[in-house]
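Asker: Have a look at the structure that comes next, please.
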Amino acid sequence: MPTTERTIVDHGVLQVEVAGVRERGWGQALGEREEDLNAVAVPVHSAGNLVAILGIQGPAVRFSPRVMRSAVELLMERAERISSAL
C-alpha cells in the first residue's frame, strides 16, 4: 500500500511545497517517485548558492516518517560540514 497518493503536478501546489522545504530546510518524498519508496534530502550551499543535495531513500516499510526524521538530522549535520568546507 502506498504511503501517499500525492504527486505534484500543479504549479501552485509546487510553489507551496518548495516554500515549505525552504522554511524547514529539507525535503521529502513519500511514495511520490515510486509507490513504496520514501526519501529525504537536504541542501549543500556554497557562497549562498545551492550546489548539491544530500539525500537518502529506502523502502517505505523500513524508511518510515519516524526513521526519515532521524535521517534528516544526520544529513543536515553532514551538509553543514560540506558547506563549511566549500
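Just so you know, all these numbers are worked out from the coordinates, no wet-lab data involved. What you see is a predicted model; the values in this text were computed from it and never measured. Positions of Cβ are backbone-derived with ideal geometry, glycine not excepted, and every protein chain shown enters the neighbour counts.
Asker: Using Rg and Dmax of the Cα atoms in Å as the read-out, say which of (i) 13.7, 42; (ii) 15.2, 48; (iii) 14.2, 42 was calculated from these coordinates.
Answerer: (i)
Asker: I would also like to ask the following. Go through region 16-22 residue by residue and turn each phi into a ³J(HN,Hα) via Karplus (6.51, -1.76, 1.60, θ = phi - 60°); whole Hz please, and just put x for glycine and proline.
Answerer: Listing the rounded values in order: 5, 4, 4, 4, x, 5, 4 Hz.
Asker: So who's got an amide H within less than 5 Å of the one on residue 45, skipping anything under 5 residues away but keeping other chains? H placed 1.01 Å off N, in plane.
Answerer: Sorted by chain and number, the residues that satisfy this are 51, 83.
Asker: Counting alpha carbon pairs within less than 8 Å and at least 6 residues apart, what relative contact order, in whole percent, applies to region 16-76?
Answerer: Relative CO of region 16-76 lands at 28 percent.
Asker: List the trypsin sites (Lys or Arg not before Pro) in region 1-76 that DSSP assigns to loop (not H, G, I, E or B) and whose Cβ has at most 11 other Cβ atoms within 10 Å. Which are they?
Answerer: 33, 62
Asker: Pick out, from 28, 65, 85, the residue whose Cα sits farthest towards the positive end of the charge dipole of the chain, with +1 on the Cβ of Lys and Arg and -1 on the Cβ of Asp and Glu.
Answerer: 85
Asker: Loop only per DSSP, at most 14 neighbouring Cβ atoms within 10 Å: give me the GluC sites (Glu not before Pro) in region 11-69, ordered by residue number.
Answerer: 34, 35
Asker: What size of dipole, in debye to the nearest 20, comes out for the chain about its Cα centre when the only charges are +1 on Lys and Arg C-beta atoms and -1 on Asp and Glu C-beta atoms?
Answerer: Rounded to the nearest 20 debye, it is 300 debye.
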